[in-house]
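Worksheet: the structure to be examined is printed underneath.
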Amino acid sequence: MLDLITNPYYTQVLTVMGIYLVAALGLHLITGITGQFSFGHAAFMSVGAYSSALLTLHLHTPLVLNLLLGGTAAALIGILLGFPSLRLTGDYLGITTLGFAEIVRVLFINMGITGGASGLAGIPRETNFALVYVVVILGIWAMYRIHDSRFGRALAAIREDEIAAESMGINTLLYKVTSFAIGSFYAGVSGALFAHLMQYLNPNDFGIARSFDVLNFVVLGGLGSIPGAVLGTGVLTLAPEFLRFIREYRMLIYSLLMVLMMIFRPNGLLGGVDLKGIFKNLFRRKFSKAVSG
């Protein structure tokens, strides 16, 4: 256990896992809670990453401020994209977000300030294990607060039946855009942490594959489940590392595990599982035994 904490390689892997988890929590709100398909989440990560990196390099602002500004920049882009595109639903929305992600990537490739196709180097390494998991804890706490709020219940209503939700007086477009903005903020913060960990950014780091990686984290864990997003991110981030001893076949086994998972648990690892209820029942049983004993 001590080696897991002190080994730089393991620490790096766990830190990257935490960064991806922050992005997955944002997509969990958009797709898992609100039911809106987004295939371009990596674009918001890239906005947060480049915004925070450029602020650090040119204005030398502190990291915490850069994280907030990177998240805010991504949220603003999310709002600008959200108002015209969230009138669409299903596959049409997914295709729109996918196209948007490619537009952002190509823009960063052709912008001089971002280093173009050569990438942006010289970013100071300010992200560390402790900072990432402080952000993760705050992100999970905030997500639970959203879940239990009137706003969260309205988002769940939109996911279940948008027409019925609108007939009950919910401004569905406004709620969806707000959800998109908050999810994009999470992605922007994740990107900012990524930039100050890797110390180098390339637009290809935030391509379609990265968007689908984050989507897989959420889907595998179970749509609508915060513990599911945590578990899905952990499994899909760590599985390739655990399979390194069979390097030639690890991606084959990894893909096979994914296929089997989708066959036997199509709702995800924790989809439809009420962990809060399970823990409450266990606590009640232990409490009743203690009282009766």
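The values are calculated or read from the model by the stated rules, or taken from the named source; none is laboratory data. Worth saying up front: this structure is predicted, and the values here are computed from it rather than measured. Here Cβ is always computed from backbone atoms with ideal geometry, including for glycine, and neighbour counts include all displayed protein chains.
It is to be established whether one or more residues within the range 222-232 are at pLDDT below 90, in contact with an Asp or Glu (Cβ under 8 Å, 6 or more places away or on another chain), closer than 30 Å to Ser51 by Cβ and surrounded by 12 or more Cβ atoms within 10 Å (Cβ to Cβ). Looking through the range 222-232, none of the residues is at pLDDT below 90, in contact with an Asp or Glu (Cβ under 8 Å, 6 or more places away or on another chain), closer than 30 Å to Ser51 by Cβ and surrounded by 12 or more Cβ atoms within 10 Å (Cβ to Cβ).
Yes or no, residue by residue, for (1) modelled with pLDDT under 90; (2) touching a Gly at 6+ places or on another chain (Cβ under 6 Å); (3) farther than 24 Å from Leu21 by Cβ:
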position: Leu138; (1), (2), (3): no, no, no
position: Ala142; (1), (2), (3): no, no, no
position: Arg145; (1), (2), (3): no, no, no
position: Phe151; (1), (2), (3): no, no, no
position: Ala157; (1), (2), (3): no, no, yes
position: Ile163; (1), (2), (3): yes, no, yes
position: Lys176; (1), (2), (3): no, no, no
position: Phe180; (1), (2), (3): no, yes, no
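Pairs linking a residue in the range 102-116 that is closer than 21 Å to Ser211 by Cα and hydroxyl-bearing (Ser, Thr, Tyr) to a residue that is at pLDDT 90 or above and assigned to a helix (DSSP H, G or I), with Cβ atoms under 6 Å and 6 or more positions apart or on different chains, are Thr114/Tyr50; Thr114/Phe108. Residues in the range 171-206 that are buried (at least 19 other Cβ atoms within 10 Å of the Cβ) and not in a helix (DSSP H, G or I): Leu201, Asn202.
Assess whether Thr61 counts as being among the polar types (S, T, N, Q) and free of Cβ contacts under 8 Å to residues at least 12 places away in the same chain. Yes; evaluated as a whole, the condition is true for this residue. Scanning for something touching a helix residue (DSSP H, G or I) at 6+ places or on another chain (Cβ under 6 Å) and either in a loop (DSSP other than H, G, I, E, B) or closer than 28 Å to Asn66 by Cα (or both), does the range 239-258 turn up at least one residue? Checked the range 239-258: at least one residue is touching a helix residue (DSSP H, G or I) at 6+ places or on another chain (Cβ under 6 Å) and either in a loop (DSSP other than H, G, I, E, B) or closer than 28 Å to Asn66 by Cα (or both).
For every residue, the table says whether it meets (1) under 25 Å from Pro203 (Cα atoms); (2) out of contact with any Pro (no Cβ under 9 Å at 6 or more places or on another chain); (3) surrounded by fewer than 23 Cβ atoms within 10 Å (Cβ to Cβ).
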position: Gly18; (1), (2), (3): yes, yes, no
position: Leu21; (1), (2), (3): yes, yes, no
position: Leu27; (1), (2), (3): yes, yes, no
position: Thr56; (1), (2), (3): yes, no, yes
position: Phe100; (1), (2), (3): yes, yes, yes
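Does at least one position in the range 78-96 carry a residue that is of a type outside the set (Phe, Trp, Tyr) and more than 22 Å from Leu173 (Cβ to Cβ)? No, the range 78-96 has no match at all. For beta carbons closer than 9 Å, sequence separation of 6+ or different chains, a first residue in the range 223-239 that is farther than 18 Å from Tyr144 by Cβ and a second that is assigned to a loop (DSSP other than H, G, I, E, B), the qualifying pairs are Val235/Leu269. Only one of the listed residues (Thr61, Thr96, Thr72, Thr6) is of a type in the set (Ser, Thr, Tyr), surrounded by fewer than 24 Cβ atoms within 10 Å (Cβ to Cβ) and at pLDDT 95 or above. That residue is Thr72.
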